[in-house]
Amino acid sequence: MDDWNYKPAGDLGLSHDEAFKSLKRESGLIATALHWIWWSFVRAYLVLWHRLKVEGRENLPKVPPFVLVANHSSHLDALVLAAPLDLRLRDQIFPIAAGDVFFTNPAISAFAALMLNALPMWRKNCGPHALAELKRRLIEEPCCYILFPEGQRSRTGEMLPFKAGLGMMLAGTNVPIVPCYLDGCFQALRPETHWPVRHPITIRIGRPLTFADAPNRREGWEQVANELQAAVKALRTE
């Protein structure tokens, strides 16, 4: 039997605001309760107001680590992607959110961290160290990430090219990456609006892909991005 070892929390000693913005943030009892309450409400809202339909639920991995990737055109996207996941995984599900949008002041940071369980990605100065920390946590913890490889919301509803940063995190690993297509989120909450309208939403979930053989260098990163972009587009229906 292995000896028991004490391991302090990754965000130990940080102020509340620093912990909210930390990639090493961990959930305490209060955060866990808030995650359950929030995501139960979100699931009910999406089903009742947007008549959420999930296709391909059987393609979702049962346990972490895994990553969900999808097209991005609305602030509803992360909520819709997380909705089909088992509530018992709520503390292990981390939407990767734009730090310059969701972590700009203490109040917004607290909401993003305590309700969404989001981790920040600073788009203007996201270096290899941040991606390396996300990769380490994904594999070692393990956990689930919700990622939008376009890097920003589409203003037209059409997909933008996937960025290679996704490949820097996942090339050469056995982590399953699940391509998804979100249909109806753009119409329900367009980027220029602040309140959602009643519009049906469908999420189509494809079979997981892995990139253990992709080289962890530029060509491998681009391979990951290109193949996942094609997999997401293949789930789109006209």
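All of the numbers you see were taken from the coordinates with simple rules; none came from a lab. Given the structure is predicted, the values throughout are model-derived calculations rather than measurements. Note that we place each Cβ from the backbone using ideal geometry, even for glycine, and neighbour counts take in every protein chain shown.
Secondary-structure-derived ellipticity at 222 nm for the chain, considering helices only, amounts to -10000 deg cm²/dmol, per-run term -39500 (n - 2.57) for DSSP H runs with n ≥ 4.
Here LYS135, LYS24 are placed in order of increasing Cβ neighbour count within 10 Å, fewest first, which gives LYS24, LYS135. Expressed in Å, the radius of gyration and Dmax of the Cα atoms of the chain are 17.3, 57. For the stretch 197-236, the C-alpha radius of gyration sits at 1.57 times the compact-globule guess of 2.2 N^0.38 Å, with N the residue count. Taken as entire DSSP H runs, the helices of the chain that both span 20 Å or more between Cα atoms along their own long axis and average 0.0 or more on the Kyte-Doolittle scale are 29-50. Amide hydrogen proximity for PHE94: with H placed 1.01 Å from N in the peptide plane, the residues at 5 or more positions away or on another chain lying under 5 Å are CYS144, TYR145, ILE146.
Candidates LEU170, ALA110, PRO84 compared by Cα position along the dipole of the chain: farthest toward the positive end lies PRO84, with charges placed on Cβ.
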